[in-house]
Amino acid sequence: MVESNIFVLEDGALRVEVARGADQITARVIVKASGVVWGPAPLLALEVHDKTVRREERLEHYRIDLIEEVFGAVHVVVGDGFRQVQVGLWLRIVDGEVSVTLSMPEVYERRPAHFRVFAIDILPGLLTVGAAGMMLLPVGGGTLCAPAGKPALRDRFLIYLEQERWELATTLPFGAVMSGQGGMMILVRQGAADAQCCVATDGCGNGDLNFAFSLRRHWPDPVDFDTRELRLVPLAAAANLPLVCATRLRHHIMDDLGKVPLAERVAESPEVAHVLKSYTFKTFFARENEGLEGHRTNSGAALSFILGMTFDECRDNLARIHGAGIKNGYCQMVAWNARGHDGLYPARFPIEERLGGEERFRELIRYGNEELGYHMSVHDNFSMNIPHAPNFDSDVLIHDIYGEPLLSGWWGGGLEYQSWGLALPRERLEGHLEQMRGLGLQGMYYCDYMMRPLEVNYHPKWRGPRSHAARGQVRVLEAARRAFGAVATEYGILPAVVAADYVCSGGGCGGDRSWPVMGMIDRAVPMWELTVQGLIFTEQSGLTWESAMRAVLFGKHIRDEWSVRPIVGHPTLDEARIARQKAMYDLCLERFGYLQTLFITDYEEPADGVVCTEFADGTRVSADFGTGELIVNGERVECPLLAPMAQTISS
């Protein structure tokens, strides 16, 4: 519907008004149920790089080439004559949400040697809240910012781990604001790997949030040609902000990305079903006195190979654990490979003779699988490439903007470089997994070092954008899942959640306090847990009462790691540790393990240090981390062996 220079989209829940001015298009969103009006605000701003002056220019005013109502949408095309760029956007109302879509064929750069579009800011200034408002940011999985009292700050950062600021832990493609009258969530439905969150506080008690479609961050970047889309999702004033956003994200993961609930995976996969009832153990064999850990310890030993445990010792200790009553176990064996943990990837063979060699490793696998009834699998790594490995191949590596292999870390094998998952040949992926199956491994396969921060690849053959980095890592996870029936990985940006059955973690927030967004954060909320619970296994390590409380509170899966000789960060297995493992097993798996497959349907923090959750079957959990009180369905839960909370055993 067109009213003069105003184009209107409308359904039972929303009215969207798109207004044409002389050199700017604005938009206003009216939520009918509450009467809340968002805007008017500019529909877009263009960030265009001028190579002659080596900087981006922000175009908030532009030539309007077309605005029309067509196919039930408002279609807008804007451009700039001098810079010879043009961009088209589509606005729709879909299922009570505002959809803004960028179709990449409508991005024109007709003078690309001089000007290139770097980003398109969508609706900057629309979602503004005052001093009584709140912003929910994707930092650290989920953090709250009250604009009141904040200085004037402005920041923008990529979803899915911006390379140089990966500590921001932007694992979920969303943001939200809430005022006393109502709120609005932004969901990046398509193109999240190149979505930028833009957030600001003005120093006067106001804050605003929007997202941008980032096309490139550097002049030579390859551009993803996939469609970009974000949704504006109205939120009622009474809504529980973290919970309602997590619920919408979970539906996005299932409905748009095709993820099935964990309960369905349990029914279809014996490997997933086994993990559901099993304690996860990381058994740590050895490492080189090199890299960050070696630098920290600087032992000065004559031998660089640091032995933590042999295969025979592992067998004996698994027998002790099984004899203590932990009848179900899932073992991720770490550092079985050549030179131990992170020692010589991509080479894994020969299996370390200093640990007992292949024959004893096969016997350990057979014993665990057949005599204990455990699933014996390994900790493997497809991302790491160490230059002195015998099968090092620079053609499968990500190349940085300087045309060199991308230096990625400093670990047990020394300096290492990162794989481009789409470049791995069959023998490095499917062929290797077939070789691992030949050892007799059983159960969920663990792929370490994923999901890594998404990189742009400047390799002359494998050149690709960040989204292709995600696809490459997903390719590895899916190959492992096909080979072994289930797959686990380390860190949980959304592509990993979709591809994997088990993700160790997905939150945590750190970084340089000078980064503007760090000055906006008030406190963390468990957005990642609320979103992915019931879709994958999430991990809870530790052998304390607090660890047990968190496992029950969020339906997490328990894990412990151990060795025989002390190695930094990897504790030794003694009788006290086994007793605590058994207490965790009885409480978190035998008694409350059923929570692992259930969605969280309610969440609140009624007091400092008190967190309450409710699961889809009606189970209610209250955890008071100040007093150590855990209540499930109105009954106090106790475990004397794990109390008091101050008493810990390192994980």
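Read-outs throughout are calculated quantities, based only on the coordinates presented, and are distinct from any laboratory measurement. Source: prediction; values computed, not measured. Every residue, glycine as well, gets a Cβ built from its backbone with ideal geometry; the counts of neighbours run over all protein chains shown.
Using a Cα-Cα cut-off of under 28 Å, which lysines could be cross-linked to Lys556, ignoring same-chain neighbours fewer than 8 residues away?
Output for Lys556: Lys259, Lys277, Lys282, Lys327, Lys582.
Which residues' amide hydrogens lie under 5 Å from the amide hydrogen of Gly414, considering only partners 5 or more residues apart or on another chain, with H built in the peptide plane?
The list, which skips near neighbours in sequence, is Gly291.
Given a Förster distance of 22 Å, report the FRET efficiency between Asp11 and Leu257 from their Cβ-Cβ distance, rounded to the nearest 0.05.
Calculated value: 0.35.
Provide the per-residue ³J(HN,Hα) series for the stretch 402-415, in order, calculated from phi with Karplus coefficients 6.51, -1.76, 1.60 and θ = phi - 60°, each as a whole number of Hz, with x at glycine and proline positions.
8, x, 9, x, 7, 5, 10, x, 9, 10, x, x, x, 5
Which order results if Arg475, Arg550 are arranged by neighbouring Cβ count within 10 Å, fewest first?
So the residues, fewest neighbours to most, are Arg475, Arg550.
Projecting each Cα onto the charge dipole of the chain (Lys/Arg +1, Asp/Glu -1 at the beta carbon, about the Cα centre), which of Gly79, Pro42, Ile93 comes out farthest on the positive side?
Gly79
Along the stretch 120-136, what does the Karplus equation 6.51 cos²θ - 1.76 cosθ + 1.60 (θ = phi - 60°) give for ³J(HN,Hα), rounded to whole Hz, x for Gly and Pro?
For the stretch 120-136, the Karplus curve yields 10, 6, 9, 6, x, x, 5, 9, 10, 10, x, 4, 8, x, 9, 10, 10 Hz.
Separation between the Arg591 and Leu303 pseudo-spin-labels, each 7 Å from Cα along Cα→Cβ, expressed in nm?
Placing both labels 7 Å along Cα→Cβ, they lie 4.4 nm apart.
Thr601 to Trp410: FRET efficiency via 1/(1 + (r/R0)^6), r the Cβ-Cβ distance, R0 30 Å, to the nearest 0.05?
After rounding to 0.05, the efficiency reads 0.10.
Just subtract the alpha-carbon distance of Glu359 and Glu434 from 0.36 nm times their residue separation and send over the number in nm, one decimal. Walk me through the intermediate numbers first.
Details: separation 75, 0.36 × 75 = 27.00 nm, distance 1.81 nm.
Here the answer is 25.2 nm.
Mind checking the dipole of the stretch 501-651: about its Cα centre, +1 per Lys or Arg Cβ, -1 per Asp or Glu Cβ, Debye to the nearest 20?
Taking the Cα centre of the stretch 501-651 as origin, the dipole is about 420 debye.
So if each residue of separation counts as 0.36 nm, and I subtract the Cα-Cα distance between Arg55 and Lys327, what length gain in nm does that give?
My answer for the length gained is 91.7 nm.
By Kyte-Doolittle mean hydropathy of at least -1.0 and Cα axial length of at least 24 Å, which whole DSSP H helices of the chain are selected?
Numbers: long enough: 466-484 (28 Å, -0.52).
Counting only whole DSSP H runs, the qualifying helices are 466-484.
Using the 10 angstrom Cβ neighbour count as an exposure proxy, how do Cys509, Cys588 rank, fewest first?
Cys509, Cys588
Name the aspartates and glutamates eligible as straight-distance cross-link partners of Lys32: C-alpha to C-alpha under 20 Å, and not fewer than 8 places from it in the same chain.
Qualifying aspartates and glutamates at Cα under 20 Å: Glu3, Glu10, Asp11, Glu17, Asp95, Glu97.
Given the rule -39500 (n - 2.57) for each run of at least 4 DSSP H residues, summed and divided by the residues of the chain, what is its mean residue ellipticity at 222 nm, to the nearest 500 deg cm²/dmol?
Result for the chain: -5000 deg cm²/dmol, rounded to the nearest 500.
Let me know the charge dipole size of the stretch 2-256 about its Cα centre in debye, to the nearest 20, where only the beta-carbon of Lys, Arg (+1) and Asp, Glu (-1) is charged.
Charge dipole of the stretch 2-256: 420 debye, to the nearest 20.
Among (i) 92, 36, 28; (ii) 91, 26, 19; (iii) 46, 31, 21, find the value of semi-axes √(5λ) of the Cα gyration tensor in Å that was calculated from the structure presented, and write down its label.
The listed entry that was calculated here is (iii).
Can you report the principal axis dimensions of the stretch 128-182 using only the alpha carbons, biggest first, rounded to whole angstrom?
35, 23, 14
How high is the FRET efficiency between Ala132 and Arg565 when r is their beta carbon distance and R₀ equals 56 Å, given to the nearest 0.05? Don't skip to the answer; put the middle values down first.
Details: r = 57 Å, r/R0 = 1.02.
E between Ala132 and Arg565, to the nearest 0.05, is 0.45.
Among 19-29, 36-46, 93-103, how do they line up by average Cβ neighbours within 10 Å per residue, starting with the highest? Don't skip to the end; give the middle numbers.
Details: 19-29: 17.2, 36-46: 20.4, 93-103: 18.7.
Order by mean packing, descending: 36-46, 93-103, 19-29.
At 0.36 nm per residue, minus the direct Cα-Cα distance, what do Ala273 and Arg320 gain on full extension? Give it in nm, one decimal, please.
Full extension of this stretch gives 14.5 nm more.
Over the Cα atoms of the stretch 2-256, Rg to Rh with Kirkwood Rh, two decimal places?
Result: Rg/Rh = 0.95.
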